[in-house]
1. Please count how many residues of segment 435-478 are within 17 Å of residue 347 (Cα to Cα) and of a type in the set (Lys, Arg).
2. When you scan segment 33-41, do you find a residue that is at pLDDT 90 or above and open to solvent by 30 Å² or more (accessible area, probe 1.4 Å), even just one?
3. When you scan segment 431-446, do you find a residue that is within 16 Å of the ligand (Cβ to nearest atom), assigned to a helix (DSSP H, G or I) and under 19 Å from residue 303 (Cα atoms), even just one?
4. Restricting to segment 370-406, what's the tally of residues that are free of Cβ contacts under 8 Å to residues at least 24 places away in the same chain and buried (at least 22 other Cβ atoms within 10 Å of the Cβ)?
5. Among the residues of segment 314-347, which ones are touching a His at 6+ places or on another chain (Cβ under 9 Å), open to solvent by 10 Å² or more (accessible area, probe 1.4 Å) and closer than 22 Å to residue 118 by Cβ?
6. Please identify the pairs in which a residue from segment 298-310 that is more than 20 Å from residue 473 (Cβ to Cβ) has its Cβ atom under 6 Å from the Cβ atom of a residue that is more than 10 Å from the ligand (Cβ to nearest atom) and open to solvent by 10 Å² or more (accessible area, probe 1.4 Å), counting only partners at least 6 apart or on another chain.
7. Quick one: residue 350 ticks every box in (1) surrounded by fewer than 21 Cβ atoms within 10 Å (Cβ to Cβ); (2) within 16 Å of residue 446 (Cβ to Cβ) bar one, so which box is it?
8. Does residue 100 meet the test of being crowded, with 19+ Cβ neighbours inside 10 Å and not in a loop (DSSP other than H, G, I, E, B)?
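The values are calculated or read from the model by the stated rules, or taken from the named source; none is laboratory data. Predicted model, so just to flag it, every value in this text is computed and none were measured. Cβ placement follows ideal geometry from the backbone for every residue including glycine, while neighbour counts extend to all protein chains displayed. Only protein heavy atoms, including side chains, enter the accessible area calculation; ligands, DNA and RNA are left aside. Shrake-Rupley method; radii C 1.70, N 1.55, O 1.52, S 1.80 Å.
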Amino acid sequence: MSRRGIAALSALLLTLLTACDAGGSGPSSEPETSVVAARAPEDALSVVDPELMSSIPGFQTRSRVDEERQMHATWPDLPGMAALDAAVEDHAEARIDDFLTEYLPTPGAVAVPELNLTWRTVGMSEEVVGIVQDEYLNPGGSAAMLWRSTWYDVAAGEVVDNSALISDPDALTRTIRKALIDLAGADFSDGIDEALAEEPPVVGFTGDGSLFVGFDEGQVAAASEGRISVRIPADRTEGLLTQIGLEARAAALDPVVPTGGATDLPGDEPSDEPSSEPSEEPGPAKPDCDRLKCVALTFDDGPGGFTDGLLDLLRRKDATATFFVLGQQVESYPDVARRIVADGHEIGIHTWDHKSLPTLSPAKVQWEILSTQRAIEQATGQRARLLRPPYGAVDGVVDRVARRAGLAEMFWSVDPEDWKDHDSAVVARRVLAKARAGSVILVHDIHRTTVDAIGGIVAGLRQRGFTLVRASDLFGDLKAGKRYYSR
Ligand code: NI
């Protein structure tokens, strides 16, 4: 079939899929009874509670960022699962390298290509662990969504292919093919068969135990229709799953940390949860920055694996800072987020996953900000009053959403480019050379070299007569939706 033919059928498919998917794509309490193909189905996958992940001793997230090229990638690192960690990291690094070499900015063009890589755990047990990596790739116009699942056999210490979960690939292919064709109301088997001959990028399970097979954009339908999935109800998967496939389903529906992991599961531990009523940052009295030479040290992109050590250092030095956190990192490090606030630092929103906001729809901009506010409130009991848009990218929509959310937009005036030069001495020298009274200094607590530079930076700033304050202390009454760069 021609590409145009596929596109026409895809359009029809979309209409039918949308109709079929009405009522939401999230895990439903009603078990599905028929095979369903759907557009934009990512929310249907059963995801392991991030609290379970953050309770695993030694659990870390890894990041690689390029602020100029608008690239932000995060992936998990699970203790004792070297093969899984390597597979997940290799996939991230391969996608990053591909982006950095293939998607070069066009000189003079306004739009800069963007890559955003995130992850979620879709199964965890004594037997298997499953990770899905989501990719948002925007060449400079509209974004493509891609994804990959990686399943790990705990006992064998090996990563298995997605197809290892399936005992009868031919039967699965027939079922998927029929689902897509049924919905399209016509036969477009040529394009489908080609796509189905490849291993599906995602195999997982929904909250009701349905088998979930996910395809990349453009794989089984026109790219404009987004990612397509087929969900096969639990009672129709008999004979379709291998032993490890059945274990993967159990790991998705009833996740537990493998032995050797956490001993205290969330919910069992004594609760020192913050009160459900978020407070409006009481904070210490504002220092008098009319009189003092104030500067604000601000940390973006965390919390991460080095943040706790940084907080130790700031406590020893009796120094105050501001942390612009990512919602997904707060989910991974809720205790560290809590400590940021408990130690008297300021906490602000850096969005959920660091996408450039002006390229998103207004609804998505709102979601990026409000979901992070919720994560902050849940972890710390406090509501943030500041927003720092990723890459400093902002437009009228962002201003409006920020205003409605009661957030002032806090940019920066000193940027030592610590993400580019992982050299503590260079970073410290640049900060000390550029700091002025009223400066907002931008650094990132996800880089060890930056955290290692902070002791020298704090000492150097004080030697020069500066007082370290929280970002909002530099200004009088902050206005929601207004942009601030320095005092
Ligand atoms: Ni950032």
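1. Looking only at that region, the number is 1.
2. no
3. No, every residue in segment 431-446 fails to be within 16 Å of the ligand (Cβ to nearest atom), assigned to a helix (DSSP H, G or I) and under 19 Å from residue 303 (Cα atoms).
4. Matching residues across segment 370-406 total 0.
5. Listed by number, the list holds a single entry, 328.
6. Short answer, once both residue conditions are applied: 303/333; 303/336; 305/60; 306/448; 306/451; 307/336; 308/336.
7. In the conditions (1) surrounded by fewer than 21 Cβ atoms within 10 Å (Cβ to Cβ); (2) within 16 Å of residue 446 (Cβ to Cβ), residue 350 misses (1) alone.
8. No.
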